[in-house]
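Undergrad: This is the structure, below, for whatever I ask next.
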Amino acid sequence: MRIITRAAAMPAALALAAFAAAQPTPPPQVEAAFSTYAPGAAAVTYDTTLVPAGATVRLALADTDTTPKVTLWLTGLNPDHTYGAHLHQRPCGPDGAAAGPHYQHTADPAATPEKPSADPAYANATNEVWLDFTTGPDGSAQSSATHQWPFNEQNPPRSLILHAEATQTAAGHAGMAGARLACVNLP
């Protein structure tokens, strides 16, 4: 009969704890079905024609120290439609305007909440998180974006907005993507 003392079992327990601690933590995620606005809703639709109630979203944010990656999966949207999608500064509210302007790594000093940046030097896919996508024939899509800068810890992005059109890039229109159709609160 072999007796294992606590001292003998300790290295194995420490090794297991070290192994568990070394495993990567999965990125924060949101998984939800779009519904009409209610306080605290994870995913809200403002236009049930282009983002039907019951359509689903999964949004994962892997915010490492230097390279955040945002990945978006959607089902149940209109087939063969191009949508704009961006991270925004504020949480979802009763209408799309509540989410405020786009989240920017380097903020446009001329922009205000009432007049968001349309300067392509700031409103671009390198300084903002753009996740534009076109749905397939079944209404599903996937998109991702990776950047070489971290999210601001004191003021991170708070939501993702789905827009009616692809994002424009021309001066005076940069970052614009049509009506705000739906919103997803970030974890």
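No lab work stands behind these numbers, since they all come straight from the coordinates. Just so it is clear, the structure is predicted and the values come from calculations on it, not from any experiment. Don't worry about glycine lacking a Cβ; one is built from the backbone with ideal geometry, like all the others, and counts go over all protein chains shown.
Undergrad: Rounded, prolate or oblate: which fits the stretch 117-187, taking a ≥ b ≥ c as square roots of the Cα gyration tensor eigenvalues, rounded meaning a/c under 1.5, else prolate when a/b beats b/c? Show your work: numbers first, answer last.
TA: Working: a/c = 1.68, a/b = 1.16, b/c = 1.46.
Oblate shape, in that a/c is at least 1.5 and b/c is the bigger or equal ratio.
Undergrad: Near the amide H of residue 88, under 5 Å away, which other amide H atoms are found, from residues 5 or more places off or on another chain, if H is placed in the peptide plane?
TA: For residue 88, the qualifying residues are 103, 158, 159, 160, 161.
Undergrad: On to the next question. Could you grab the relative contact order for the stretch 67-160? Cα pairs under 8 Å, six or more apart, rounded to a whole percent.
TA: On the way: 174 pairs, mean separation 45.2, N = 94.
Value for the stretch 67-160: 48 percent.
Undergrad: Looking at the stretch 34-115, I'd like the Rg to Rh ratio, where Rg is from alpha-carbon atoms and Rh is Kirkwood's inverse mean 1/r.
TA: Numbers: Rg = 14.4 Å, Rh = 14.6 Å.
When Rh is taken as the Kirkwood radius, the ratio is 0.99.
Undergrad: Just grab the label-to-label distance for residue 121 and residue 35, each label 7 Å out from Cα along the Cβ direction, in nm (one decimal).
TA: With each label placed 7 Å out from Cα toward Cβ, I get 4.6 nm.
Undergrad: Across the Cα atoms of the stretch 26-185, what radius of gyration and what greatest pairwise Cα-Cα distance (Dmax) are found, in Å?
TA: Here Rg and the maximum Cα pair distance are 14.5, 42 Å.
Undergrad: Tell me, how many Å apart are the Cα centres for the stretch 94-118 and for the stretch 44-84?
TA: 20
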